[in-house]
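Peer 1: One structure is given below, represented as structure tokens, and several questions about it will come after.
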């Protein structure tokens with residue numbers, strides 16, 4: 001697929017907690033800010049906004065109403081919360097743009113095989129994941145161990161691009177920028 005051929009695409013970016021997915025996506029979004037053909041979707045989530053959040057909060061009732069009215073193009077459950085992407089982003093895809101979605105690995109398993117759906121998996125080695133999760137301070141050591149064990153469920157994740165974020169953020173960020181911006185690149189073709 002090329003940005004030149006008029007075909008838009010959904011690009012779902014997913015990864016385990018501690019992989020730095022949000023930071024890598026923020027790097028790419030800033031680097032690609034001038035590109036009108038690449039849109040970073042904001043998510044609706046049924047949890048409160050935290051510092052640096054990339055989502056808009058909805059109550060569970062408002063989320064359900066939006067879903068029932070057709071206002072969500074994509075939706076999924078993860079970590080006890082509902083996540084959704086507004087239907088209006090579908091118009092951008094139809095207009096030939098790439099819409100980048102901060103997604104869930106569990107949701108990616110159910111995505112349709114389509115030339116218009118791409119998956120980027122951002123990951124890191126287990127030691128880096130454990131260190132980052134412990135530094136974050138939101139999880140106990142036991143919870144970190146459980147998160148790392150859960151990662152085995154996604155070893156065979158279907159991904160068009162895998163980015164290993166073990167080092168400097170700029171290195172992983174640049175890989176995502178290159179993937180999203182490289183019009184006509186072979187890696188964007190299934």
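Peer 1: Check whether at least one residue in the range 139-162 is closer than 14 Å to residue 19 by Cα, part of a loop (DSSP other than H, G, I, E, B) and at pLDDT 85 or above, and report yes or no. It would help to see each step written out before you state the result.
Peer 2: Keep residues of the range 139-162 that are closer than 14 Å to residue 19 by Cα, which gives 144, 147-148, 150-151, 154, 162.
Filter once more, so that each one left must be part of a loop (DSSP other than H, G, I, E, B): none.
Looking for residues that are closer than 14 Å to residue 19 by Cα, part of a loop (DSSP other than H, G, I, E, B) and at pLDDT 85 or above, one finds none in the range 139-162, hence no.
Peer 1: Now for a different question. Could you tell me which of the residues 132, 98 is closer than 22 Å to residue 176 by Cβ, touching a helix residue (DSSP H, G or I) at 6+ places or on another chain (Cβ under 8 Å) and surrounded by 11 or more Cβ atoms within 10 Å (Cβ to Cβ)? Before the answer, list the steps.
Peer 2: On the way: 132 fails: touching a helix residue (DSSP H, G or I) at 6+ places or on another chain (Cβ under 8 Å).
After applying the criteria, what remains is 98.
Peer 1: Any residue in the range 168-176 that is outside any helix (DSSP H, G or I), over 16 Å from the mean Cα position of the chain (by Cα), touching a residue at least 24 places away in the same chain (Cβ under 8 Å) and closer than 19 Å to residue 25 by Cβ?
Peer 2: no
Residue by residue, here is whether (1) closer than 17 Å to residue 86 by Cβ; (2) at pLDDT 85 or above; (3) under 14 Å from the mean Cα position of the chain (by Cα); (4) crowded, with 17+ Cβ neighbours inside 10 Å holds:
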residue: 3; (1), (2), (3), (4): no, no, no, yes
residue: 7; (1), (2), (3), (4): no, no, no, no
residue: 21; (1), (2), (3), (4): no, yes, yes, yes
residue: 24; (1), (2), (3), (4): no, yes, yes, yes
residue: 31; (1), (2), (3), (4): no, yes, no, yes
residue: 34; (1), (2), (3), (4): no, yes, no, no
residue: 42; (1), (2), (3), (4): yes, yes, yes, no
residue: 49; (1), (2), (3), (4): yes, no, no, no
residue: 52; (1), (2), (3), (4): no, no, no, no
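Peer 1: Among the residues that make up the range 71-89, is at least one of them buried (at least 16 other Cβ atoms within 10 Å of the Cβ), within 13 Å of the chain's Cα centre (by Cα) and free of Cβ contacts under 8 Å to residues at least 24 places away in the same chain?
Peer 2: yes
Peer 1: Another question, if that's okay. Does at least one position in the range 110-129 carry a residue that is over 30 Å from residue 35 (Cβ atoms), at pLDDT below 90, outside any helix (DSSP H, G or I) and touching a helix residue (DSSP H, G or I) at 6+ places or on another chain (Cβ under 6 Å)?
Peer 2: The answer is no, given that none of the residues of the range 110-129 is over 30 Å from residue 35 (Cβ atoms), at pLDDT below 90, outside any helix (DSSP H, G or I) and touching a helix residue (DSSP H, G or I) at 6+ places or on another chain (Cβ under 6 Å).
The values are calculated or read from the model by the stated rules, or taken from the named source; none is laboratory data. Computed from a prediction, not measured in an experiment: that's the story for all the values here. Because the Cβ atoms are built from the backbone with ideal geometry, glycine has one as well, and the counts that use them run over all protein chains shown.
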